[in-house]
1. Within the stretch 262-274, how many residues turn out to be open to solvent by less than 30 Å² (accessible area, probe 1.4 Å) and part of a loop (DSSP other than H, G, I, E, B)?
2. Among the strands (runs of 3 or more DSSP E) contained in the stretch 90-155, which hold 1 or more residues that are in contact with an Asp or Glu (Cβ under 7 Å, 6 or more places away or on another chain)?
3. Do the conditions hold for A276, that is, is it among the aliphatic types (A, V, I, L, M) and in contact with a strand residue (DSSP E or B) (Cβ under 9 Å, 6 or more places away or on another chain)?
4. Residues that are open to solvent by 60 Å² or more (accessible area, probe 1.4 Å): which strands (runs of 3 or more DSSP E) entirely in the stretch 1-88 hold 1 or more of them?
5. Residues G64, G69: which one is within 16 Å of ligand 1 (Cβ to nearest atom) and assigned by TED's automatic domain parsing to the domain that holds K157?
6. Taking Q161, is it more than 25 Å from W53 (Cβ to Cβ) and either within 16 Å of ligand 1 (Cβ to nearest atom) or open to solvent by 20 Å² or more (accessible area, probe 1.4 Å) (or both)?
7. Checking the condition buried (at least 22 other Cβ atoms within 10 Å of the Cβ) and small (G, A, S), which residue from G309, G285, G314, G363 passes?
8. Would you please name the residue that is nearest to ligand 1 (Cβ to nearest atom), looking only at residues in the stretch 183-216 that are open to solvent by 30 Å² or more (accessible area, probe 1.4 Å), more than 11 Å from G234 (Cβ to Cβ) and in contact with a helix residue (DSSP H, G or I) (Cβ under 7 Å, 6 or more places away or on another chain)?
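The values are calculated or read from the model by the stated rules, or taken from the named source; none is laboratory data. Nothing here was measured: the structure is a model prediction, and the numbers come from that model. Because the Cβ atoms are built from the backbone with ideal geometry, glycine has one as well, and the counts that use them run over all protein chains shown. Note: areas computed on protein heavy atoms with side chains; ligands, DNA, RNA excluded. Shrake-Rupley method; radii C 1.70, N 1.55, O 1.52, S 1.80 Å.
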Amino acid sequence: IDQPNSITCKAMVAWEAGKDLVMEEVEVSPPQPHEIRVKVVCTSLCRTDITAWESQAIFPRIFGHEASGIVESVGKGVTEFVEGDHVLTVFTGECKTCKHCESGKSNMCQVLGLERRGVMHSDQRTRFSIKGKPVYHYCAVSSFSEYTVVHSGCAVKVSLQAPLEKICLLSCGVAAGLGAAWNVADISKGSTLVIFGLGTVGLAVAQGAKIRGASQIIGVDINPEKYEKAKAFGVTDFLNPNDCKEPIQQVIKRISGGGTDYSFECIGDTGMVTTALQSCCDGWGLTVTLGVPKVKPEITSHYSAFLSGKTLKGSLFGGWKPKSDLPSLVNKYMNQEIQIDEFITHNMPFEDINKAFSLMREGKCLRCVIHM
Ligand code: APR
Ligand code: ZN
C-alpha cells in the first residue's frame, strides 16, 4: 500500500500566551504507527483551551480538543479505522490494556492519558511544523487545524448518521457534565444539588440531574444572563453571589434544608471547591470537581467537613471511558434522550476563531462551533 505523504493545510496557530491566533500554512506529517490523520470537520471552543492559551508556556501551539472529523489516512498497525470513518477526538484516550483501562473503576488510561507537554504520546515529538520548526500539540488533539494527527486510542468511531457539527460537543464539555452527574455522583431521584458555574459543563450537569429526576437544582453564577438558558436545562433556583448579602453557602444551606446532597464545581476556581464542600449536607454530602483551575492549584478546607462525613471527589471527562462509552452517548443524542443543540449558541467559519475566544472570555456564549 502507498504510504501517506505530508499535507500542507491551514491551522490557527497560537504564537504567544493570550495573543490572537494566526492562520498559518502548516505541514502535517503522515500518521505514525497506531496513529490516524483526521480531516477536522467541526471543533467547538472549550474553556480549557482558553485557560491553557492564557496561562501556559508551550508555543507555537495548535489548540482545540473538542472536535469531530473524518479519517483521512491511517498509520501502520491501525486495524480499528479506515479512511472515511467518522470520529470524535478525545483528550484522554483509552488503550484498553493498562491497569486502569481494565478496571471498571477508572478512565485514567496510563498510556494515553492527558498529554501536557504538547507532543504525541508515542515519541514525544510533534506532527506539525512550519518551515521545519515544530508546532506543538494540545492534549494530543489540536483540532484548530484542517488536518491533525491523533493516536488511534484518542479517537472514537461514531455512526455515519450522527451530525458531526453537533456531536463534537460530546468530545469534551457536554459529556464531562453528563458523566459527572451519572457516573461520578450517580445522582438519585428526588435529590438536591448545587452547580457552581453555568457554562456548558455546569449546564450539562444540570441536564444529567434533571434526567435522573433531581428535585432541586440550584445554579450559581456571577453572570445574570446565564439564568434564562439555565432554566431550560433544569436549573430550578438561580443564585448570583454578587447579589447575596451573606456567604453563598449559607443561602444554599437555607434553601436546600441544611445543604444539598451533591455540589459540583464547574468554574475552575479552587476557592469554589471549598465553598462547594461547605454547601453540601453533612453525612452524605458529595462534592464533585470538574473545573480546571487557572491560578492557585491548591485547595483548602477545614477538616470538619470530613469529620461530618462529606466526600470530595475529582473527575476527568465525567468518568467516561471514551472508546467504550461515547458511542452510546451519541446514540442517546440520536434517540433524543439528551440535548446538545441547545448548547450551541454560535456557529462560525474557521477564520473567525478569534471571535469565539472573545465571546467565551466575555461570557457571551455557551459553545461556539467552528466549521472548517
Ligand atoms: N462564581 C460563580 N460563577 C462564576 C465565577 C464565580 N466566581 N467565575 C466564573 N463563573 C461562571 C462564568 O460566568 C461562566 O458562566 O462560570 C461559568 C464557566 O463557564 P464557561 O466559561 O463557559 O466554561 P465551561 O466550558 O463550562 O468550563 C467550566 O470546566 O472543563 C472545565 O476548564 C473548564 O474550568 C472550566 C470549567
Ligand atoms: Zn489504558
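1. The total comes to 2.
2. Numbers: elements: 128-130, 133-135, 147-151.
In the stretch 90-155, the matching strands (runs of 3 or more DSSP E) lie at 128-130, 147-151.
3. So A276 fits the description; yes.
4. Of the strands (runs of 3 or more DSSP E) lying wholly inside the stretch 1-88, those with at least 1 residues that are open to solvent by 60 Å² or more (accessible area, probe 1.4 Å) span 7-13, 22-28, 35-44.
5. Working: G69 fails: within 16 Å of ligand 1 (Cβ to nearest atom).
Exactly one of G64, G69 is within 16 Å of ligand 1 (Cβ to nearest atom) and assigned by TED's automatic domain parsing to the domain that holds K157, namely G64.
6. yes
7. G285
8. For the stretch 183-216, the residue satisfying everything is V201.
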